[in-house]
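The values are calculated or read from the model by the stated rules, or taken from the named source; none is laboratory data. Note that the coordinates shown come from a computational prediction; the quantities given were computed from them, not determined experimentally. Cβ atoms come from the backbone with ideal geometry, glycine included; neighbour counts cover every protein chain shown. Accessible surface is based on the protein model in full, side chains and every heavy atom, while ligands, DNA and RNA are left aside. Shrake-Rupley method; radii C 1.70, N 1.55, O 1.52, S 1.80 Å.
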Amino acid sequence: MGTKYWQEFLIPYHQAVDEIVLKFTSLKEQYEKIGEYSPIESVYGRVKSVASILEKINKYGVDIEALEETIQDIAGIRIMCQFEEDIYEVVELIRKRTNCDMDVVKVKDYLNEAKPSGYKSYHLIIRYPVFCVSGKQSILVEIQIRTLAMNFWSIIEHSLNYKYKENIPEAIKMRLINAANAVNEVDREMSSIREEIQSAQRLFGIKSSLVTSILDNIGHLYKLNHGDKASHYEKIFDDLFAQEDIIQLILLRKELESEVNKIEAEV
Ligand code: 0O2
């Protein structure tokens, strides 16, 4: 099987990875737009390299005819979350898409039961329809969902496995297990202050959109040749911003919006 075969074989997998990454990124952006906390922190996708596929074929003696069903992570998506609780919210988001575009066919819960290596993550194998030049195809995609801390551990462990060709020395294995326990502790601690972190993030989001809107409208007043009014509001803004007075900033935004609307109506 030459390069051309693999290029063609992998077309639907590339298509699926691109589409799914876009769908989850767009969900994250939607949460931000409506001012809600997003359980999705970041999304990453990859298509397995031909070398890795061949390695798996050799390792497991995979029948080439059954390749698409046997190697289930040719298309791989990784979703990172801030908190462990978010992982289950993302799982729900995916399950809601049943009969639409993502049908869960297998679950591997390495959250409740970590792998002996210390690896923790929630894996879903989904069936995903793609429409390519050759027509419709339903392919398997692996979605790994984990916290940022779990991801950090996993990346380091994966590169060590690569370096030691899956024969990591016992002493390093033990240290990795210690590190995995520390990661669990970090996630537990973060979960216990989740509410506080989330309200701080929400407040930051509110403040940042308030500031953007106020400064936009002040800029607008300058453009409408109302420099006096603009600099008057600028001074008020500077004071309220220094005092971190969110309520007064909200009122200022309202006032500025109606001021700009009034002037625009007169123009
Ligand atoms: P890559 O480079 O990420 O593609 P198998 O698919 O045969 O390896 P299994 O049991 O069928 O194993 O599937 P499993 O356990 O769900 O593993 C699939 C993927 O999960 C792996 O793909 C890794 O990405 C990740 N994974 C599983 N176990 C570990 C682990 O102990 N450490 C780390 N860092 N990642 C793990 P690949 O093909 O191994 O690698």
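Excluding residue 101 itself, calculate the net charge of residues whose Cβ lies under 15 Å from the Cβ of residue 101, where each Lys or Arg counts +1 and each Asp or Glu counts -1. Numbers along the way, then the final one.
Numbers: positive: 23, 95, 96, 97, 127, 136; negative: 18, 19, 103.
Result for the local shell: +3.
Ignoring any ligand, DNA or RNA, what whole percent of the accessible area of the range 175-234 comes from carbon and sulfur when the probe is 1.4 angstrom?
Numbers: 2190 of 3810 Å².
Its accessible area is 57 percent carbon and sulfur atoms.
Tilt of helix 170-192 relative to the longest C-alpha principal axis of the chain, in degrees (0 to 90, nearest 10)? Its long axis makes an angle of about 30 degrees.
Given Cα pairs under 8 Å that are at least 6 residues apart, what percent is the relative contact order of the range 3-162? If you can, show how the numbers build up before the last one.
Details: 237 pairs, mean separation 37.9, N = 160.
Over the range 3-162, the number comes to 24 percent.
Kirkwood's formula applied to the C-alpha pairs of the chain gives a hydrodynamic radius of 22.4 angstrom.
Every Cα-Cα pair of the range 118-183 was included, and the share exceeding 21 Å stands at 44 percent. When +1 charges are put on Lys and Arg Cβ atoms and -1 charges on Asp and Glu Cβ atoms, the dipole computed for the chain relative to its Cα centre reaches about 940 debye. Take the Cα of residue 206, go 7 Å toward its beta carbon, and the backbone nitrogen atoms of the range 225-266 under 18 Å from that spot belong to 240-255. Stokes-Einstein at 10 °C, 1.306 mPa s, Kirkwood radius from Cα pairs: D for the range 196-266 in µm² s⁻¹? The estimated diffusion coefficient comes to 126 µm²/s. Heavy atoms only, probe 1.4 Å: what % of the accessible area of the range 3-162 goes to carbon and sulfur, would you let me know? So the carbon and sulfur contribution to the accessible surface is 53 percent. The dipole here belongs to the range 196-266: it is taken about the Cα centre, uses +1 on the Cβ of Lys and Arg and -1 on the Cβ of Asp and Glu, and is about 160 debye. The phi-based Karplus calculation (6.51 cos²θ - 1.76 cosθ + 1.60; θ = phi - 60°) puts the 3J(HN,Hα) values of the range 218-223 at 5, x, 5, 4, 4, 5 Hz, whole numbers, x for Gly and Pro. Between residue 264 and residue 244, the modelled label-to-label distance comes to 3.3 nm, taking each label 7 Å out from Cα in the direction of the beta carbon.
For residue 103, the amide hydrogen comes within under 5 Å of the amide hydrogens of 127, counting only partners 5 or more places away or on other chains and with H modelled in the peptide plane. Each 5 Å bin, from zero up to the one with the longest distance, holds this percent of the alpha carbon pairs of the range 59-182: 2, 10, 16, 19, 18, 15, 11, 6, 2, 1, 0.
Just to confirm, what accessible area per residue do you get for the range 196-266 at 1.4 Å probe, in whole Å²? Walk me through the numbers on the way to the answer.
Numbers: 4650 Å² over 71 residues.
Computed with neighbouring chains in place, this is 65 Å² per residue.
Sort 173-183, 15-25 for me by packing, meaning the mean count of neighbouring Cβ atoms within 10 Å per residue, highest on top. Numbers along the way, then the final one.
Working: 173-183: 15.3, 15-25: 18.2.
Result, highest mean Cβ count within 10 Å first: 15-25, 173-183.
Over the chain, Cα pairs under 8 Å with separation of 6+ residues give a relative contact order of 15 percent.
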